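Undergrad: Sharing a structure here in structure tokens format.
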Amino acid sequence: MELGAQLLSFLVFFTYASFFEWFVHRHIMHVRRFPLHDAFRGHTLVHHQIYHGENFLAKTKGRPPHVMLRWYAFPGMLLFHVPILAFLQWITGWPIFWGAIAGATVYFVGYEYTHYLMHVPRGHFVERFRWFRFLREHHRLHHKYMLRNLNVFIPLADVCLGTLVTAEGWRSKPAKRARFLARRRKNVPPSS
């Protein structure tokens, strides 16, 4: 029972982390809010000005500035959830705390790693995978349309909350959509 509860809490919290990332990105990193104005300044006013649209990749050698989150962001996100998870474990009696912490940790480490490689390609093995190339293009479009594609690591919340935009997507290619609809109308039998 305990191992199953921990695994389930890992999966649930890993999934939840996509929505948490979306919410923080949309409502904190892209909106000036006191006392969190440093996140807005660092992300929207600095990161998005250095890495934008077609100039998405870092140009400097070594460790380029303003790619990774501040040192306190990741511990802060975990510490924010500790009392909530402890309360949930206490109230339900289910051993979920460590599985949920592990799920969040894996998600946010994946976020930092992939975000860094998106802006600073290093030839790591993950950069060869199709899913990584999709995520890099997904994130590049975020730098072009700041309130779209708010997820970096797993775009589940973008899909569910309607902020997903793709280069070949339904909304971004009106001519392609018109051709699809015209073909579809030709193949639909007339209604009686």
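Undergrad: Listed residues R63, R41; which is farther than 19 Å from L11 by Cα, at pLDDT 80 or above and charged (D, E, K, R)?
TA: Details: R63 fails: at pLDDT 80 or above.
Only one candidate passes the filter, namely R41.
Undergrad: If a residue has to be more than 16 Å from the chain's Cα centre (by Cα) and under 30 Å from W94 (Cα atoms) to count, how many in region 13-60 make the cut?
TA: Number of matching residues: 0.
Undergrad: Would you please list the contacts, defined by Cβ atoms under 8 Å and residues six or more apart or on different chains, that run from a residue in region 28-47 that is touching a residue at least 60 places away in the same chain (Cβ under 8 Å) to a residue that is exposed (fewer than 13 other Cβ atoms within 10 Å of the Cβ)?
TA: H30/L147
Undergrad: Tell me which helices (runs of 4 or more DSSP H) are completely within region 1-103 and hold 3 or more residues being on the phi < 0 side of the Ramachandran plot and loosely packed, with under 12 Cβ neighbours inside 10 Å, or say none if there are none. It would help to see each step written out before you state the result.
TA: Values: elements: 2-27, 37-40, 73-92.
Ranges flagged: 2-27, 73-92.
Undergrad: A follow-up question, please. Does region 104-130 hold any residues that are crowded, with 18+ Cβ neighbours inside 10 Å, without any contact (Cβ under 8 Å) to a residue 40 or more places away in the chain and either farther than 23 Å from P65 by Cα or of a type in the set (S, T, N, Q) (or both), and which are they?
TA: T114
The values are calculated or read from the model by the stated rules, or taken from the named source; none is laboratory data. Quick caveat, the model's predicted, so the values are computed rather than measured. No Cβ is skipped: glycine too gets one built from the backbone with ideal geometry, and neighbour counts run over all protein chains shown.
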